[in-house]
Amino acid sequence: MPVPLRRVLTGVIGLAGIAAVVVFLDPAKVGSALEHFQLALIAPIVLLSVLVYILQGIRWHYLLTDVGTKLRLRDTILINLAGQTITAIVPLGDLTRAAFASTADGTDFGTVAATVTVQELSYMLWLILSALPAILALGYGLAAVIPVAAGIALIVIVLTVSPVFCRFHNLIAHIPFLNRLLPAIHELQQETSTLLHRPDALALSVLDAARVVVAVTTFWLVLQGLEPGRVGWWQAAFVLALASIGGAVSLIPGGVGANEASVAALLIFLGFDAGSAGAAAIIQRGLMTGLSVILGLSAYALINERLHLGGIFQLFSHRVAPVRA
């Protein structure tokens, strides 16, 4: 399937999923909840959303420094923002920022991609940990969280323990189509293993924890703007973590549709009105996609000419296509 058509189809599927959630929850109720949202919370929500990306950029900068890149902190933050432009709408879109950094600095793409892998594994693990208090208190959610946590642990073991990776390598070598990925997998394992064995890289995962705290607080403020006092911070973390897992498992870019359905269902489970739950899912999607696109395009315009990043979609396709070959 041609790449442009695939992008259109994934977008249509995601929008159809969001529309289905709204229709199921009653558009009138969702609209009413949006109308009664506390406008005073918009400014802190937007500022915290921007802070999430800044923290992501700062953490990424130190990982990039560990692999030898010479980018300035300001440029890393802007490249990280520029990469958000298509992260939510293209499969593996998070590698766009790796492609940008590789082009700007000249560092090997596989090396930079390993820093993205390490960062996002760390972030997801911290996000799951933030959800544990509510999960333990509610007695639910373990069925979803334990397999994901185990999966993250397995990925880390495969990438850092050589005998385990050798067995994984031999298994992939006997699987048609997947065996074509072996060179890329081998490079990723080498670079990721090096990073995960660096004490400073592990210590600075505290920045990923800070990013989780800000992200959960942002989502909690959204919920307060709809139904003040209905859920606490830890419950907001529970919803955000499980919705992120649902979106990731769906394999839809950005989890569009699946993420909204998960957010709405979990909030209703916690006692939210159906209309407010749907409104929260829509606002969260606006922050995840709408704000990221605006920030991404702005950052891209600021640094593209100076760092010669190239076209967004062309660069992404050029860098990632060989990995998929």
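The values are calculated or read from the model by the stated rules, or taken from the named source; none is laboratory data. Just so you know, these numbers come straight off a predicted model, no measurement behind them. With ideal geometry, Cβ positions are generated from the backbone for all residues, glycine too; neighbour counts draw on all protein chains shown.
Here are the numbers:
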quantity	calculated
Qualifying residue in the range 181-192 (condition: more than 30 Å from Ala243 (Cα to Cα), assigned to a helix (DSSP H, G or I), polar (S, T, N, Q) and modelled with pLDDT under 65)	no
Number of the exception - Gly93 against (1) among the small types (Gly, Ala, Ser); (2) modelled with pLDDT of 85 or more; (3) not in a helix (DSSP H, G or I)	(2)
Residue pairs meeting the criteria (Cβ under 8 Å; at least 6 apart or on separate chains; first modelled with pLDDT of 80 or more, in the range 124-144; second polar (S, T, N, Q) and surrounded by fewer than 21 Cβ atoms within 10 Å (Cβ to Cβ))	Trp126/Ser205
Only listed residue being modelled with pLDDT of 85 or more and among the acidic types (Asp, Glu), chosen from Asp208, Asp200	Asp208
Residue tally, condition in contact (Cβ under 8 Å) with a residue 24 or more places away in the chain, β-branched (Val, Ile, Thr) and assigned to a helix (DSSP H, G or I), over the range 255-304	6
Among (1) at pLDDT below 90; (2) small (Gly, Ala, Ser); (3) part of a helix (DSSP H, G or I); (4) out of contact with any Pro (no Cβ under 8 Å at 6 or more places or on another chain) - the single one Ala40 does not satisfy	(1)
Residue match in the range 57-68 (condition: crowded, with 20+ Cβ neighbours inside 10 Å, touching a Lys or Arg at 6+ places or on another chain (Cβ under 8 Å) and touching a residue at least 24 places away in the same chain (Cβ under 8 Å))	yes
The range 233-248, subset more than 16 Å from the chain's Cα centre (by Cα) and free of Cβ contacts under 8 Å to residues at least 24 places away in the same chain, residue nearest to Asp273 (Cα to Cα)	Ala236
Single condition Val116 does not satisfy, out of (1) under 25 Å from Arg198 (Cβ atoms); (2) not in a helix (DSSP H, G or I)	(2)
Output for the range 230-254, where each listed residue is part of a loop (DSSP other than H, G, I, E, B) and either at pLDDT 80 or above or out of contact with any helix residue (DSSP H, G or I) (no Cβ under 8 Å at 6 or more places or on another chain) (or both)	Arg230, Val231, Gly232, Leu251
